[in-house]
Amino acid sequence: MKQTCFHCGQEIENHLIEFDEKIFCCNGCKSVYEILNLHNLENYYELNAKAGIRPETVQNHFEFLDTPHIFDKLIDYSEGGITLVTFKVPVIHCGSCVWLLESLKDINKSIIYSTVNFTAKTVQLAYRSETYKLSELADFLTDLGYKPIISLETVDKKPEKVDRSLIIKIGVAGFCFGNIMLLAFPEFFGKGDIWLEQYNHLFRTLMFLLSLPVVFYCAVDYYKSAWSALRHGILNIDLPIVIGLAALFFRSCYEAYTGLSNGYFDSLCGLMFFMMLGKYFQQRTYKTLAFDRDYKSFYPIAVTKLAFADNSKEIRQENVLISELKVGDRILIRNNEIIPADSILIRGEAFIDNSFITGESGLIEKKSGEKVFAGGKQVGAAVELEIIKEVNQSYLTQLWNNEAFKKENSTIATITNNISRYFVSAILIITVLSGLYWYFVQKNISQMYQVISAILIVACPCALALSAPFTIGNMMRVFGRKKFYVKDSITVEKLSRVNHIVLDKTGTLTINKAAKITYEGEKLTKNELVSLKAVLQNSNHPLSRTLYDFIEAENEYLPVENFEEIVGKGIKGRAGGHELVIGSPSFVNHQKKIRQETSVFINIDGVNKGRYVFFNQYRKGIEDTIQGLNKYRISLLSGDNDSEKEMLEKIFPSGTVMQFNQSPQSKLDYIKELQENGGFVMMLGDGLNDAGALKQSNVGVAIADDVNSFTPSSDAILDGANFTYLPEYLRLSKITLIIVSICFAISFCYNIIGLSFAVAGRLSPLVAAILMPISSISVVAFTTFTTLLIGNRMFNKEL
């Protein structure tokens, strides 16, 4: 009996290598096992026995990747000694592969993080390029058995060619199925016909020949999938299908050759035709959802675009969505704003925090004329950039979905995976028992083959597996059309579990642009107003933006030096020859007693000039919105004073906790305390000033009002204009999980009913092949129709 390698599971053909009471087929597998155990990653084998891949034994030649022009084309980002690159790795085949590749940082200290896209068979890695070459990284992956594919398309970042092989196979199967049906048709109705009996053998030979392309070409993907799974000790859904195909084909060949009947060649080809149609439908639906996610329903992040006013040299500022940016556009990026696309620094001094990209904090200084990568965050004074590359929204989506920002795993996905894991084993047991029953009890061998094939084909967990992603995916589209953009499907699950809502006041409950502003104090000179506006322009705080728009002064460019923003207190900087301090009374050292109002104090050259008083305008329908949240516990945390507490008490229900003069840290601590006492907290606030609280919360929602107030710590972004729909979003999240449960029930009913008919011999393989994709189509149709219908009714308008 041949022995198999402990790591890769392949048969040991030549000599075996013994180590640690285990046997290996080569030194490569032994080395990988040693590496895994050295770094306490032996769980790799517990996740999936014999899941490893035999490493390459020949020397790899990746030195060309270190050539500057190839390196620049291949990488996604490279700055400050950290590089981000995405490799195509076709051999990724199972959950343990994903687990190992996402644990690379524990094996190789030069790797910062790695993220796998299982569907695309890619792995994105961030590594320290100062001490580790790209060629060494490729060699390292190859030594582990995951050799990256480097081609002209990957180097030039060309889109992958559309694979039309499935369409061709559908055409071939359809052609063969149709012609076999024509050849088999006379035999059904022409029994006893002398001419038919004379040419019967010819018709059956033609049917056999027409079935060959279907069996050996159209079905080849199923063979590969089943064989690959078996090699690694897995039972996947393709295995029963392959067994069913083999049973039909060989039984048909036997009956056609012996003259018993024309066999089941028509059922065989019809089976493949309908299964591939269902597969094509699933692929198209997945691609549509992915396209919507990456491009159509992108976040409402706006940036400030700079343009000259008509017939004037005056620079005009306008907020535009990042999807509308084009190469050559000039944009203004303020303190703590995310850079939306690769750009050139035109004006100002940039200090870029690339933690959104690399997962590591650290500021990189940039001078005028230098390149700045998309995803970086400006820290300091506002800078002017020119776009040099189209906005890649799918790239930003991928960054936002980085493992570094994920808080927990999906409960639904875990349940689905556990059910699917045992599904195939149960079906094979039912098949064996049914076959024995029809062979020994009913003594009907011909019917036995029909029953076995029907069981193996009709039983399918696809509908079960599709229930959650399609339902949640469709609801994410409904949310997106109502300007509520969630990071991923897990966020929808978490929304349904929320029991405590924490709200910020400024910019969340209030509309900054609609606030009425008055000035109290010493009149400011024209030069002081221009300097004040120049400093305000660098801040992204809601009050700073509102005050910037309110002040009537020329948009004259003034360089701002020593700009600093202290979150929760204020900003300061030097512009136009003046030292300005802007913010709270304590920040500007204002000693006199004042009325408790929302105010921004101004100190110029050490002199307290006065203050701008804001009379907040609350969002329309705020009372009804809060009333719609009466089933949740609510807390209000504000960095502002309590001057509007009396009015807020009329809006919020009794028992609402209201705390004012809260710092960002105190908000974070309050949420942590709620969680320790069993609270599942959703926080809504400013994406920048409340970043810590948003990250700490179970569901962090950043409110956006035409502002680049995005933080990767948030789980969702809500357009401020649609804040009043908050109760509907929460209700829809609960309904989504109910729909998923209904889809699970539909899938179980389909399999139970289908298996009952198949075991009883009342279901032909051809009908089973038609029912198999119909089960998936019915689930997709049900969830699409239901989510859109409920969303339409919930929002009372067409979506």
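The values are calculated or read from the model by the stated rules, or taken from the named source; none is laboratory data. Keep in mind that this is a model prediction, so the values were computed, not measured. Positions of Cβ are backbone-derived with ideal geometry, glycine not excepted, and every protein chain shown enters the neighbour counts. Only protein heavy atoms, including side chains, enter the accessible area calculation; ligands, DNA and RNA are left aside. Shrake-Rupley method; radii C 1.70, N 1.55, O 1.52, S 1.80 Å.
Cβ-Cβ contacts under 7 Å between residues 6 or more apart (or on different chains), taken from a first residue in region 61-76 that is of a type in the set (Lys, Arg) to a second residue that is in a loop (DSSP other than H, G, I, E, B), are listed as LYS73/ASP156; LYS73/LYS157.
If you check VAL502 against the conditions, is it touching an Asp or Glu at 6+ places or on another chain (Cβ under 9 Å), open to solvent by less than 30 Å² (accessible area, probe 1.4 Å) and either in contact (Cβ under 8 Å) with a residue 40 or more places away in the chain or within 30 Å of GLY628 (Cβ to Cβ) (or both)? For VAL502, the condition - touching an Asp or Glu at 6+ places or on another chain (Cβ under 9 Å), open to solvent by less than 30 Å² (accessible area, probe 1.4 Å) and either in contact (Cβ under 8 Å) with a residue 40 or more places away in the chain or within 30 Å of GLY628 (Cβ to Cβ) (or both) - is not met. Of all the residues in region 735-745, those that are open to solvent by less than 10 Å² (accessible area, probe 1.4 Å) and free of Cβ contacts under 8 Å to residues at least 60 places away in the same chain number 0.
Could we say that PHE440 is over 30 Å from ASP640 (Cβ atoms) and without any contact (Cβ under 8 Å) to a residue 60 or more places away in the chain here? In short, yes.
For (1) without any contact (Cβ under 8 Å) to a residue 40 or more places away in the chain; (2) more than 22 Å from the chain's Cα centre (by Cα); (3) in a helix (DSSP H, G or I), each residue gets a yes or a no:
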| residue | (1), (2), (3) |
| --- | --- |
| ILE717 | no, no, no |
| ALA721 | no, yes, yes |
| LEU726 | no, yes, yes |
| TYR729 | no, no, yes |
| SER733 | no, no, yes |
| SER747 | no, yes, yes |
| ASN751 | no, yes, yes |
| LEU763 | no, yes, no |
| LEU771 | no, yes, yes |
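Residues that are buried (at least 20 other Cβ atoms within 10 Å of the Cβ) and part of a loop (DSSP other than H, G, I, E, B) within region 483-497 comprise just one, LYS487. For region 98-133, filtering for residues that are assigned to a loop (DSSP other than H, G, I, E, B), at pLDDT 85 or above, charged (D, E, K, R) and in contact with a strand residue (DSSP E or B) (Cβ under 9 Å, 6 or more places away or on another chain) leaves 2.
Condition first: farther than 22 Å from LEU536 by Cβ and not hydroxyl-bearing (Ser, Thr, Tyr). Now tell me which residues in region 314-339 satisfy that. Talk me through it step by step, then tell me what you get.
In the first step, residues of region 314-339 are kept if they are farther than 22 Å from LEU536 by Cβ; the result is 321-329.
Residues satisfying the conditions are LEU321, ILE322, GLU324, LEU325, LYS326, VAL327, GLY328, ASP329.
Those helices (runs of 4 or more DSSP H) of region 196-293 in which at least 2 residues are farther than 30 Å from VAL780 by Cα and modelled with pLDDT of 75 or more, considering only elements entirely within it, cover 238-258. How do the pairs read when you match residues in region 573-595 that are within 17 Å of LEU529 (Cα to Cα) with residues anywhere that are acidic (Asp, Glu) and open to solvent by less than 30 Å² (accessible area, probe 1.4 Å), using Cβ under 7 Å and keeping only pairs 6 or more apart or on different chains? As it stands, the answer is HIS578/GLU528, since those pairs meet every condition given. Of the set (1) at pLDDT below 90; (2) out of contact with any Phe, Trp or Tyr (no Cβ under 6 Å at 6 or more places or on another chain); (3) surrounded by fewer than 21 Cβ atoms within 10 Å (Cβ to Cβ), all apply to SER756 but (1).
Scoring ASN540 on the criteria (1) part of a loop (DSSP other than H, G, I, E, B); (2) open to solvent by 50 Å² or more (accessible area, probe 1.4 Å) leaves a single failure, condition (2). Picking from residues in region 631-650 that are modelled with pLDDT of 90 or more and under 37 Å from the mean Cα position of the chain (by Cα), the one that is nearest to GLN662 (Cα to Cα) is LEU637. With respect to (1) under 19 Å from ASP106 (Cα atoms); (2) at pLDDT 90 or above, the lone exception for CYS176 is condition (1). Where strands (runs of 3 or more DSSP E) sit wholly within region 582-667, those with at least 3 residues that are out of contact with any Phe, Trp or Tyr (no Cβ under 9 Å at 6 or more places or on another chain) and either open to solvent by 50 Å² or more (accessible area, probe 1.4 Å) or among the hydrophobic types (A, V, I, L, M, F, W, C) (or both) occupy 607-615. Considered as a group, the residues in region 356-387 that are surrounded by fewer than 16 Cβ atoms within 10 Å (Cβ to Cβ) and touching a helix residue (DSSP H, G or I) at 6+ places or on another chain (Cβ under 9 Å) include one that is modelled with the highest pLDDT, and that residue is GLY362. The residues in region 787-799 that are out of contact with any Ser or Thr (no Cβ under 8 Å at 6 or more places or on another chain) and either at pLDDT 80 or above or of a type in the set (A, V, I, L, M) (or both) can be counted, and the count is 9. Here the condition is being under 30 Å from ILE774 (Cα atoms) and over 19 Å from the mean Cα position of the chain (by Cα); of ILE501, ILE517, ILE445, ILE511, it holds for ILE445 alone. Residue pairs whose Cβ atoms lie under 9 Å apart, separated by 6 or more positions or on different chains, with the first residue in region 614-639 and closer than 30 Å to SER584 by Cα and the second basic (Lys, Arg) and in a strand (DSSP E or B), are PHE614/LYS516; PHE615/LYS516; ASN616/LYS516; GLN617/LYS516.
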